[in-house]
Amino acid sequence: MKAEIRSIVDINQTAADFKSSIVLRVSDTKFVDVKSILGLSISLYKNLAYKLEIHGPDEEEAKSAMIGVFNKYHIHVEVNR
């Protein structure tokens with residue numbers, strides 16, 4: 001499996017473990033639900049940096065896990081604080 005595909009699947013599966021909403025801000029007007037593998041596959045690797053917005057009952061755990069999985073694939077991501 002290509003590294004890009006592996007990372008997309010891993011990021012998607014990590015997000016699916018949480019109840020919180022996890023959204024990738026691709027531009028000022030474009031947002032992608034990280035739990036949508038299609039949306040993620042279309043948007044990831046098109047930019048150099050990404051912003052994640054995470055809101056919900058388990059957002060602290062989700063933030064930690066998402067930072068970890070993005071770092072695993074050397075993808076720079078900022079997370080709302």
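The values are calculated or read from the model by the stated rules, or taken from the named source; none is laboratory data. All values reported here derive from a predicted model rather than from experimental measurement. Quick note on the areas: whole protein, heavy atoms, side chains included, nothing else; ligands and nucleic acids left out. Shrake-Rupley method; radii C 1.70, N 1.55, O 1.52, S 1.80 Å.
Numbers below:
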read-out: Residue-span extension gain [Glu4 to Glu53] - 0.36 nm each, minus C-alpha spacing; value: 15.5 nm
read-out: 5 angstrom amide H check on Val79, placed H, neighbours 5+ away; value: Leu52
read-out: Highest-MSF residue in the chain out of Asp17, Asp28, Asp58 [GNM, Cα springs under 10 Å]; value: Asp28
read-out: Considering only the chain, percent of DSSP beta bridges that pair antiparallel, nearest 5; value: 65 percent
read-out: Listed values (i) 1.01; (ii) 0.92; (iii) 1.19, entry calculated as Rg/Rh (Cα atoms, Kirkwood Rh); value: (ii)
read-out: Accessible area (Å², 1.4 Å probe, nearest 10) - Lys46; value: 150 Å²
read-out: Whole-percent carbon and sulfur share, accessible surface of the chain, 1.4 Å; value: 54 percent
read-out: Residues whose placed amide H lies under 5 Å from that of Tyr45, excluding near-sequence neighbours; value: none
